[in-house]
Amino acid sequence: MNEQKNTEMAQRAYELFKTGDIESLMGLYTDDADWESPKTENVAHSGKRKGKQQMLEFMSLVGEHSENIHFEPRETIAQGNKVVVVGNYHWRIKSTGKEYQSDFVHVCTFNDDSRITSFKEYLDTAAARDAYTAA
């Protein structure tokens, strides 16, 4: 495993996400990659996904339902075939007008070619649920 290359690929993934270049972002993943965000009440894009098509659906739902105000990966930790990214984001929910902020932890698993085979997200699900819930 090349921890430095995996770290660079993870950082590249965040750059592509932030600039909205989803097509290039998908190129960093294997075709059968797993994607998981905690299942959260009223959050349409939450839950498990498998493969690029379902990841694209995730990205589409995020854009459809929310507006990113701030997104900052702050720290990257690599060991073996895993890269952990710790950061913070701030979202505005289009249907409710509510906002929420959360620290996040993302765990990316890489194959020998430094392509992402698995992405798992940890966040404040209560804050997300409350923001997505109409008053």
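The values are calculated or read from the model by the stated rules, or taken from the named source; none is laboratory data. Here the structure is a predicted model, which is why all the values come from computation and not from measurement. Neighbour counts run over all protein chains shown; Cβ positions are idealised from the backbone, glycine included.
Miscellaneous remarks
- Within region 16-28, residues that are free of Cβ contacts under 8 Å to residues at least 60 places away in the same chain and exposed (fewer than 14 other Cβ atoms within 10 Å of the Cβ) reach no partner that is in a loop (DSSP other than H, G, I, E, B) and among the hydroxyl-bearing types (Ser, Thr, Tyr) with beta carbons closer than 6 Å at six or more positions or on different chains.
- Within region 107-135, if we keep just the residues that are in contact (Cβ under 8 Å) with a residue 40 or more places away in the chain and of a type in the set (S, T, N, Q), the residue that is surrounded by the most Cβ atoms within 10 Å (Cβ to Cβ) turns out to be Ser114.
- Strands (runs of 3 or more DSSP E) fully within region 1-115 counting 3 or more residues that are farther than 30 Å from Thr133 by Cβ: 29-37, 66-79
- Subset tally (residues that are in a strand (DSSP E or B) and closer than 19 Å to Gly87 by Cα) for region 117-135: 6
- You will find that of Ile77, Ile22, the residue that is modelled with pLDDT under 95, farther than 21 Å from Thr96 by Cα and touching a helix residue (DSSP H, G or I) at 6+ places or on another chain (Cβ under 9 Å) is Ile22 and no other.
- Residue check for Glu57: touching a residue at least 60 places away in the same chain (Cβ under 8 Å), surrounded by fewer than 17 Cβ atoms within 10 Å (Cβ to Cβ) and of a type in the set (Asp, Glu): no
- Only one of Ser46, Ser37 that is small (Gly, Ala, Ser) and under 16 Å from Ile116 (Cβ atoms): Ser37
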